[in-house]
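J.: I'd like to ask you about the structure that follows.
The values are calculated or read from the model by the stated rules, or taken from the named source; none is laboratory data. Just so it is clear, the structure is predicted and the values come from calculations on it, not from any experiment. Using ideal geometry, Cβ is built from the backbone for each residue, glycine included, and neighbour counts are taken over all protein chains shown.
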């Protein structure tokens, strides 16, 4: 059961952030945004809108409750969330999220219901799955970065590394890129990316390539002047059996970035981001004198003060 005083505290906080963020989202025409992120330590949730649905991740913690008591507590929380947002419980999807350490892989699969639905972001369509994975198919914190890529993509050869479900690739294609190449080690996510292209009626197979490869190895095969614009959003750590080597982003980022710079045309640009909160960019090891931290500039309204990622714009001289 929910403690009455704490329940009122949660209700007041949720009502306040919902009123504020919903107003901004409506004004900006945004249907997918983060509503709440662990604002109160007693209620360790992340809650996100995906249009008429809510995705709610409970962070793992030592709450000391037995399963029945925790279930009752959760139902009390859901009653408040439904009351404030108007979203019925059948449209609220709940997952348990561990706090990812530096040594864990992302994109953990939890189920295989394959229930997808479509959302709009900046008039582009994306397939969302709130059942099968911890991540939904669209990273909401990169909304501004995606738009920047779209604006820079016209007539450019764009490369999206660790492409996940291809949202950056869709934006690049919509920005009239000359070509878009999407690379990932997961066939599942590459297929998802292709489906995202299909629902946006982006079907030119000569212009749009989807490559199943280990990014570290793939970069070693590229020649200079192959691409004009690159997006790279790697996992913090990966030891996939399909990789020849372990990926540790703090250890490996300079090599990865330099390999990208080698393949860029003069004046080319790389957007590099990482979710490793303790990340330190080693500028002295990177072959560019034009490295800009654009984390703040690419932070959407719904992540202000809560963002747990870094983003850099790196130019090839």
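J.: Could you tell me whether residue 158 is closer than 23 Å to residue 297 by Cα, in contact with a helix residue (DSSP H, G or I) (Cβ under 7 Å, 6 or more places away or on another chain) and not assigned by TED's automatic domain parsing to the domain that holds residue 32?
T.: The answer is yes for residue 158.
J.: Follow-up. Within the stretch 10-21, identify whether any single residue is outside the structural domain of residue 308 (by TED's automatic domain parsing), within 23 Å of residue 128 (Cα to Cα) and out of contact with any strand residue (DSSP E or B) (no Cβ under 7 Å at 6 or more places or on another chain), and answer yes or no.
T.: Among the residues of the stretch 10-21, not one is outside the structural domain of residue 308 (by TED's automatic domain parsing), within 23 Å of residue 128 (Cα to Cα) and out of contact with any strand residue (DSSP E or B) (no Cβ under 7 Å at 6 or more places or on another chain), which makes the answer no.
J.: Yes or no: the stretch 195-208 includes at least one residue that is more than 29 Å from residue 119 (Cβ to Cβ), surrounded by 21 or more Cβ atoms within 10 Å (Cβ to Cβ) and assigned by TED's automatic domain parsing to the domain that holds residue 269.
T.: no
J.: Which strands (runs of 3 or more DSSP E) does the stretch 215-317 wholly contain that include 3 or more residues that are closer than 22 Å to residue 169 by Cα?
T.: It comes to 227-232, 264-274, 310-315.
J.: Now, a different point. Can you pull out every residue in the stretch 47-70 that is touching a strand residue (DSSP E or B) at 6+ places or on another chain (Cβ under 8 Å) and free of Cβ contacts under 8 Å to residues at least 40 places away in the same chain?
T.: 47, 49, 54, 56, 58, 60
J.: Tell me which residues, restricted to the stretch 270-316, are at pLDDT below 95, touching a strand residue (DSSP E or B) at 6+ places or on another chain (Cβ under 7 Å) and surrounded by fewer than 18 Cβ atoms within 10 Å (Cβ to Cβ).
T.: Within the stretch 270-316, 306 is the sole residue that qualifies.
J.: Filter the stretch 1-34 for residues that are in a helix (DSSP H, G or I) and more than 27 Å from the chain's Cα centre (by Cα); which is modelled with the lowest pLDDT?
T.: 4
J.: Of 170, 183, 149, 158, which residue is within 20 Å of the chain's Cα centre (by Cα), crowded, with 20+ Cβ neighbours inside 10 Å and without any contact (Cβ under 8 Å) to a residue 40 or more places away in the chain?
T.: One residue alone meets the criteria, 183.
J.: Out of the residues in the stretch 44-61 meeting the condition of being in a loop (DSSP other than H, G, I, E, B) and at pLDDT 95 or above, tell me which one is surrounded by the most Cβ atoms within 10 Å (Cβ to Cβ).
T.: 51
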